[in-house]
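**Q** The following block contains the structure, expressed as structure tokens.
The values are calculated or read from the model by the stated rules, or taken from the named source; none is laboratory data. Fair warning: this is a prediction, and the values are worked out from it, not measured in the lab. Please note: Cβ atoms are built from the backbone with ideal geometry, for glycine as well, and neighbour counts cover all protein chains shown.
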Amino acid sequence: MFYDVYKELCAKSGKAVTRVAQDIGLAGKAATEWANGAEPRNSTKLKLAQYFGVDVSIFDEGLENKSVFADVFQRLCAESGKSVTEVANAIGIAPTTAYDWIKNGAEPRIGTKRKLADYFGVSIAVFIGNETPKITVPPAVPVSVVTNDELRVLSLLRSLTEQEKETIMTMLEALAQKHLTDKRTVG
């Protein structure tokens, strides 16, 4: 199952199965082992999902139920650096609904497609396969630059209401200003 999905993703991207393995830092023989039934580690599946711009669950669930909408939705999420959950929350739907689009090939109503098009800044036509999405992705901060404490703060911040976030931002700005003032006084 894994290898069939992997092989199809390689074919769609125009890359040889051994080349993709090498591109993510593995020996080319890894693809041969997968072809013979070996299952890669979850960390490898995650690297492959990022490489192809798809959700990692595709390696366990397959491509047969994928729709044009699901392909475009996943590509827009990947290109914008947003998770499916982030996008779902931003447009006011349950993340489980968004994952259902990917897993089962379900499609949202036209109103939800409009919200998604607005969110990503693309035409609604991209969700029915009539247009290729063209989005500009801002440069991302490399994950290696973000500390565990920063990730923890971000995780906690995402669980707050908008009003609570405003309160936290005000406090952080005040602390940062105090820190700058203290540095100037000492120096």
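**Q** Which ones in segment 1-34 are more than 26 Å from Leu76 (Cα to Cα) and exposed (fewer than 15 other Cβ atoms within 10 Å of the Cβ)?
**A** Ala27, Gly28, Lys29, Thr32, listed by residue number.
**Q** Here is a further query. Take segment 103-150 and flag every residue that is modelled with pLDDT of 75 or more, assigned to a loop (DSSP other than H, G, I, E, B) and within 15 Å of Arg75 (Cα to Cα).
**A** Across segment 103-150, the qualifying residues are Gly121, Val122, Ser123.
**Q** Check segment 61-68 and report whether any residue there is crowded, with 18+ Cβ neighbours inside 10 Å and either of a type in the set (A, V, I, L, M, F, W, C) or modelled with pLDDT of 85 or more (or both).
**A** Taking every residue of segment 61-68 in turn, none turns out to be crowded, with 18+ Cβ neighbours inside 10 Å and either of a type in the set (A, V, I, L, M, F, W, C) or modelled with pLDDT of 85 or more (or both).
**Q** Looking at the structure I just gave you, is Val153 under 20 Å from Glu86 (Cα atoms) and at pLDDT below 60?
**A** Answer is no for this residue.
**Q** Check whether at least one residue in segment 77-90 is surrounded by 15 or more Cβ atoms within 10 Å (Cβ to Cβ), part of a loop (DSSP other than H, G, I, E, B) and either modelled with pLDDT of 90 or more or in contact with a Phe, Trp or Tyr (Cβ under 6 Å, 6 or more places away or on another chain) (or both), and report yes or no.
**A** So far as segment 77-90 goes, no, none of its residues is surrounded by 15 or more Cβ atoms within 10 Å (Cβ to Cβ), part of a loop (DSSP other than H, G, I, E, B) and either modelled with pLDDT of 90 or more or in contact with a Phe, Trp or Tyr (Cβ under 6 Å, 6 or more places away or on another chain) (or both).
For every residue, the table says whether it meets (1) assigned by TED's automatic domain parsing to the domain that holds Ser80; (2) of a type in the set (Phe, Trp, Tyr); (3) on the phi < 0 side of the Ramachandran plot; (4) within 22 Å of the chain's Cα centre (by Cα).
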residue	(1), (2), (3), (4)
Thr18	no, no, yes, no
Trp34	no, yes, yes, no
Lys47	no, no, yes, yes
Asp55	no, no, yes, yes
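**Q** Of everything in segment 35-45, what is of a type in the set (Lys, Arg) and surrounded by 15 or more Cβ atoms within 10 Å (Cβ to Cβ)? Give them in sequence order.
**A** Lys45
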